[in-house]
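Undergrad: Provided herewith is a single structure, encoded as structure tokens, for subsequent inquiry.
Where a number appears in this text, it was derived from the coordinates with a stated rule and is not lab data. Note that the coordinates shown come from a computational prediction; the quantities given were computed from them, not determined experimentally. All Cβ positions, glycine included, derive from the backbone under ideal geometry; neighbour counts span all protein chains shown.
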Amino acid sequence: MNIDNGKQQLILGEAAKIRQGLSGKLRDQIATTVYQEVEEITQQVVTKERPQKDWDRLFDRWVTSKLLGYPLMLALLSLVFWLTITGANYPSAWLAKMFFGFQEVLSGWFRSVGSPEWLHGFLVLGVYRSLAWVVSVMLPPMAIFFPLFTFLEDLGYLPRVAFNMDRLFKKAGAHGKQVLTMCMGFGCNAAGVIACRIIESPREKLIAILTNNFVPCNGRFPTLFAMAAVFMGALVVGYNSAMGAFLVAGIVLLGIIITLLVSWGLSKTLLKGEPSNFTLELPSYRVPKVGSLIIRSVLDRTLFVLMRAVIVAAPAGGIVWIMANIGIGDQSLLAHIAGFLDGFGRLIGLDGYILLAFLLGLPANEIVVPILIMSYLAGGSLMELDSLAALQRLLLDNGWTPLTALNMMLFSLLHFPCATTLLTIRKETKSTKWTLLAAIIPTVIAIVVCFLVATVARLWG
């Protein structure tokens, strides 16, 4: 019997779908049978002196519930952000006061030795003040957020998040393990990209790599926290940190939604295919060990990321100072570039200085806000910002509105990955094409989303 090529391909495609479905059902059946057998054997050979409640199952009825799983996840995320924002305010102000106070000592020393003004400006007003801002603003939130996140990880809650999200990722044509790589992305998107190695399917691994950037990394969280305070403080009378926490949680939730939508789009276009199945074993809840938690959250995450930010921020601060103090006509080089970008920036609810800060912040997301502040100030030096209120005053004086702060958060969430992440993608995929797409896709989405938000805001007045 002769079958034309079109029908043959259709039959083969349907056969592949049936095989995929049977494979998934068989895998689930095997896993279910194994655990049933283990439970029956355990009941036969293990004798308990006193019957004890199975707390794991009791908690999982709530945590992995189809009805309550997602609201609980959002509430817990909001609580973590609220603790981070509330707890970071005072130590951040104290560190800023200490570092910017020491800046006066440095300036006095430079003057006493007869140092040229350009050297003092480059090292103190550029390099040192950039470092002071990065440390004072980044260290407190990370020192709170990472231990809380590591606590949830060691407690055994994050696998429950993966379990809840697995159904959504299957519908999006992606792999359930992508949730685990997203959790790694909260710490560092480069680490999240490396974690995609746990996905066996090359197609689904590539989807996870291309979409990991939509999870905000630690370098973007300080920006999100600061912008939430600026946005809500300018919009709401009687602003409190709980409002900022809900706003940040909403932004993170938007990132997850964008991840699902882009994963679905890739699975239907560039990376067509059927999602594969996997069996996730939920570990028992356990009390985290304090020593291990401190080492992993403080040494391996907080200090590691802070040192990376400091190494990048030092030369970036100097470069911005030079650009702000090299004059072309009656304007600085920095002002000329920002002016060139300003029209497009305002079209999407930002401005030229914000876009320039993101471009110069390519080496690391942590330095975007310091660069922006240095760019706004006359002479390109960083002022002594001892609180978020001072930052809000500076931004409002430079024409910011609640729309600017909101779009700054959205662009920070969705824009191109940092240089480290892009280099990691190039190494993992061994492809310039996919590396470029990993930068282009989120940037286009960021521009479109900000443009739509700005357009709707302008229509509403």
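Undergrad: In the range 73-459, if the dipole is taken from +1 on Lys/Arg beta carbons and -1 on Asp/Glu beta carbons about the Cα centre, which of Asn164, Phe110, Met182 is farthest to the positive end?
TA: Asn164
Undergrad: At 10 °C and 1.306 mPa s, grab the translational diffusion coefficient of the range 123-171 from Stokes-Einstein with a Kirkwood Rh over Cα pairs, rounded to a whole number in µm² per second.
TA: 116 µm²/s
Undergrad: Under a 5 Å amide H to amide H cut-off, with H placed in plane at 1.01 Å, what residues pair with Ser332 once short-range neighbours are removed?
TA: Residues meeting the amide H criterion: none.
Undergrad: Still on this structure, I have one more. With 32 Å as the limit, write out which pairs from Lys171/Lys430; Lys170/Lys289; Lys177/Lys427; Lys97/Lys427; Lys66/Lys268; Lys66/Lys427 have Cα-Cα distances beyond it, or answer none.
TA: In this structure, Lys170/Lys289; Lys97/Lys427; Lys66/Lys427 lie more than 32 Å apart at Cα.
Undergrad: Tell me the trypsin sites (Lys or Arg not before Pro) within the range 95-145 that lie in a loop according to DSSP and have at most 16 other beta-carbon atoms within 10 Å.
TA: Sparse-neighbourhood loop trypsin sites (Lys or Arg not before Pro): none present.
Undergrad: Could you give the length gained on full extension between Lys272 and Lys430, defined as 0.36 nm per residue of separation minus the Cα-Cα distance, in nm?
TA: 54.9 nm
Undergrad: Based on the Cβ-Cβ distance of Asn398 and Ser115, what FRET efficiency does E = 1/(1 + (r/R0)^6) give at R0 = 25 Å, to the nearest 0.05?
TA: It comes out at approximately 0.25.
Undergrad: Another question, if that's okay. Compute the signed sum of charges (Lys and Arg +1, Asp and Glu -1) over the other residues within less than 13 Å, Cβ to Cβ, of Ile354.
TA: Net local charge, Ile354 excluded: -1.
Undergrad: Then there's this: Considering the dipole of the range 149-260 built from charges on the beta carbon (Lys and Arg +1, Asp and Glu -1) around the Cα centre, which of Asn212, Val252, Ala226 is farthest to its positive end?
TA: Asn212
Undergrad: Please list 3J(HN,Hα) in residue order for the range 396-402, calculated via the Karplus relation 6.51 cos²θ - 1.76 cosθ + 1.60 where θ = phi - 60°; whole Hz, with x for glycine and proline.
TA: 5, 5, 9, x, 6, 10, x
Undergrad: May I pose another question? Enumerate the residues in the range 76-99 having an amide nitrogen under 15 Å from the point lying 7 Å beyond the Cα of Ala390 toward its Cβ.
TA: So the set is 89-99.
Undergrad: Follow-up question, since we're still on this one. Taking the Cβ of Lys205 as the centre, find all other residues whose Cβ is under 14 Å away and add up their charges (Lys, Arg: +1; Asp, Glu: -1).
TA: Here the charged neighbours net out to +2.
Undergrad: Here's a follow-up. For the range 190-202, take each phi angle, set θ = phi - 60°, evaluate the Karplus expression 6.51 cos²θ - 1.76 cosθ + 1.60, and give the result in whole Hz per residue in order, putting x for glycine and proline.
TA: Computed from phi, the couplings for the range 190-202 are 5, 5, x, 5, 5, 5, 5, 4, 6, 8, 6, 6, x Hz.
Undergrad: Then there's this: Across every pair of different alpha-carbon atoms, what Kirkwood hydrodynamic radius in Å does the range 315-461 reach?
TA: One decimal place: 16.3 Å for the Kirkwood radius.
Undergrad: Sort 425-433, 286-294 by the packing proxy (mean of other Cβ within 10 Å over each peptide's residues), most packed first.
TA: Listed from highest to lowest mean packing, they are 425-433, 286-294.
Undergrad: Assigning unit charges at the beta carbon (Lys, Arg +1; Asp, Glu -1) and nothing else, what dipole magnitude in debye, to the nearest 20, does the range 157-208 show about its Cα centre?
TA: With Lys and Arg at +1 and Asp and Glu at -1, about 120 debye.
Undergrad: Please give the net charge around Ala338, taking every other residue with its beta carbon less than 12 angstrom from that of Ala338, where Lys and Arg add +1 and Asp and Glu add -1.
TA: Local net charge: -1.
Undergrad: Something else: Gain in length, Asn89 to Ser65, computed as 0.36 nm per residue apart minus the alpha-carbon separation, to one decimal in nm?
TA: 5.1 nm
Undergrad: Still on this structure, please answer the following. Where the only charges are on Cβ atoms (+1 Lys, Arg; -1 Asp, Glu), what is the dipole of the range 73-459 about its Cα centre, to the nearest 20 debye?
TA: My answer is approximately 1100 debye.
Undergrad: Follow-up. For Leu423 and Phe344, compute 0.36 nm times the residue count separating them, minus their Cα-Cα distance, and round to one decimal in nm.
TA: My answer for the length gained is 25.6 nm.
Undergrad: Starting from the coordinates of the alpha-carbon atoms of the range 73-459, obtain the Kirkwood hydrodynamic radius over all distinct pairs and give the value in Å to one decimal.
TA: Over the range 73-459, the inverse of the mean reciprocal pair distance is 21.7 Å.
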